[in-house]
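See below for the structure under consideration.
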Amino acid sequence: MKNKLVITSLLTAITASLCCITPVLALIAGTSGVASTFSWIEPFRPYLIGLTILVLVFAWYQKLKPEKEIDCECETDEKPKFIQSKTFLGIITVFAIIMLAFPYYSSIFYPNTEKQVLVVDKSNIKITEYKIDGMTCASCEEHVNHEVNKLNGIINSNTSYKKGNAIIEFDKTKTNKREIEKAIISTGYKITDKIEN
């Protein structure tokens with residue numbers, strides 16, 4: 001029973017952060033198009049977090065509650081297996097917390113792609129806002145910014161999953177809207193609209 005609780009808490013913690021882990025794994029694997037694969041999980045994230053916490057609390061309760069005394073003449077000084085120990089449950093609890101907090105520190109896995117841009121003529125600077133569907137956390141923002149900033153001529157890339165957009169400032173002599181759209185789409189997210197300023 002206790003091992004099943006540990007496995008359940010691990011699975012729910014990983015599943016709760018799967019939508020945010022996938023963009024980082026896609027970046028590492030070089031398959032950025034699969035980044036949005038698990039974005040459908042985002043609406044269920046609060047429930048998965050709650051379930052993880054409940055399962056861990058119950059597992060700790062089971063581990064710490066006093067055992068009933070049994071009148072027995074037999075020797076029971078047998079040490080529990082590591083997988084049934086408090087240490088193992090502690091390791092699982094820490095791992096679950098790290099997984100649940102992943103969206104808040106996922107940006108450290110993305111390399112800094114900001115670069116120095118030399119603009120000769122200010123009339124060449126364009127700003128376009130792209131409405132993007134499928135982003136669910138800060139990891140999604142970083143993934144879009146990372147791909148867009150690979151292009152030459154990008155001056156600034158500001159993506160917000162909360163607003164569902166990316167505001168891109170670029171030098172039109174070095175890149176164009178079509179290239180920027182390709183970079184965004186390569187992440188697996190969908191562009192639903194674009195507003196030119």
How about segment 175-189: which of its residues are of a type outside the set (Val, Ile, Thr) and at pLDDT below 90?
-> Ser186, Gly188, Tyr189
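Among the residues of segment 124-136, are any in a loop (DSSP other than H, G, I, E, B) and without any contact (Cβ under 8 Å) to a residue 12 or more places away in the chain? Spell out the reasoning first.
So in segment 124-136, the residues in a loop (DSSP other than H, G, I, E, B) come out as 134-136.
From the residues that got through so far, the ones that are without any contact (Cβ under 8 Å) to a residue 12 or more places away in the chain too are none.
For segment 124-136, residues in a loop (DSSP other than H, G, I, E, B) and without any contact (Cβ under 8 Å) to a residue 12 or more places away in the chain: absent.
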Out of the residues in segment 144-197 that are touching a helix residue (DSSP H, G or I) at 6+ places or on another chain (Cβ under 8 Å), among the hydroxyl-bearing types (Ser, Thr, Tyr) and surrounded by fewer than 21 Cβ atoms within 10 Å (Cβ to Cβ), which is nearest to Asp121 (Cα to Cα)?
-> Thr173
Identify the single condition in (1) at pLDDT below 80; (2) more than 19 Å from Gly134 (Cα to Cα); (3) out of contact with any helix residue (DSSP H, G or I) (no Cβ under 7 Å at 6 or more places or on another chain); (4) among the β-branched types (Val, Ile, Thr) that Ile53 does not satisfy, given that it satisfies every other one.
-> (1)
Residues in segment 64-85: is at least one at pLDDT 85 or above, part of a helix (DSSP H, G or I) and more than 27 Å from Ile184 (Cα to Cα)?
-> yes
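The values are calculated or read from the model by the stated rules, or taken from the named source; none is laboratory data. This is a predicted model, so every value here is computed, not measured. Every residue, glycine as well, gets a Cβ built from its backbone with ideal geometry; the counts of neighbours run over all protein chains shown.
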